[in-house]
Amino acid sequence: MGVLFRRFLDLCLMRAGPQDLPASQTLLTLVLGLYVATGALLTTPLYGIVPSLLGAALDGGFMWLYTLALLSAVGLRARTLQTVSALAGAGTVFNLLALPLVQSLADLDPQRLETGAGGFSSVLYLVLLVWLLVVYGHVFRNALDRGRPVGLAAAFGYLLFSTMIVQMALPPVEVPG
């Protein structure tokens, strides 16, 4: 398991690509499960556990379908297991890094947020989001055998559509006050 974590860390540092992971249904199931679990933990302070699990499961399912469709469109469907495993593994690492930031923001009184409290956590979260976009772009670039702009466009498309789908499925966040 340590070797696998190291591989995902190398992926997040762009020293490895999806091709460096085994094409394994077992690995995909494990990593996608971890991705959904950490994604649900990330949004539980805002939505509660059941909606968060639903949203994270939708995101994980969309990740798989989006990647399958993209790779199938360019005749590289055989790379789906490794690519989704890479995306889910990197996403899990980022979810774990974001947990303390999201929790620190969730713990703030909404009136303090209006005065700029939590600014440092918000900036760090934005940095993580940009880093995630770049890492996902790196994964798609390698999987598609295309240049960096195509990889980034594929990553941006995934993040945009995934966010829209999950937001449509989740109830609106109610801010007390």
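The values are calculated or read from the model by the stated rules, or taken from the named source; none is laboratory data. Since the model is a prediction, treat every value here as computed from it, not as a measurement. As a convention, Cβ positions derive from the backbone with ideal geometry for all residues, glycine included, and neighbour counts pool all protein chains shown.
Computed values, structure above
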| read-out | value |
| --- | --- |
| Segment 82-101, residues that are surrounded by fewer than 20 Cβ atoms within 10 Å (Cβ to Cβ) and either touching a strand residue (DSSP E or B) at 6+ places or on another chain (Cβ under 6 Å) or more than 15 Å from A37 (Cα to Cα) (or both) | P100 |
| Top-ranked residue of segment 159-177 - restricted to ones that are of a type outside the set (A, V, I, L, M) and either under 19 Å from L53 (Cα atoms) or in contact with a Lys or Arg (Cβ under 6 Å, 6 or more places away or on another chain) (or both), ranked as modelled with the lowest pLDDT | E174 |
| Any pair with Cβ under 6 angstrom, 6 or more apart, that starts in segment 17-40 at a residue that is free of Cβ contacts under 8 Å to residues at least 24 places away in the same chain and ends at one that is among the charged types (D, E, K, R) | none |
| Where V130 falls short, out of the listed (1) closer than 20 Å to M14 by Cβ; (2) surrounded by 14 or more Cβ atoms within 10 Å (Cβ to Cβ); (3) at pLDDT 95 or above | (2) |
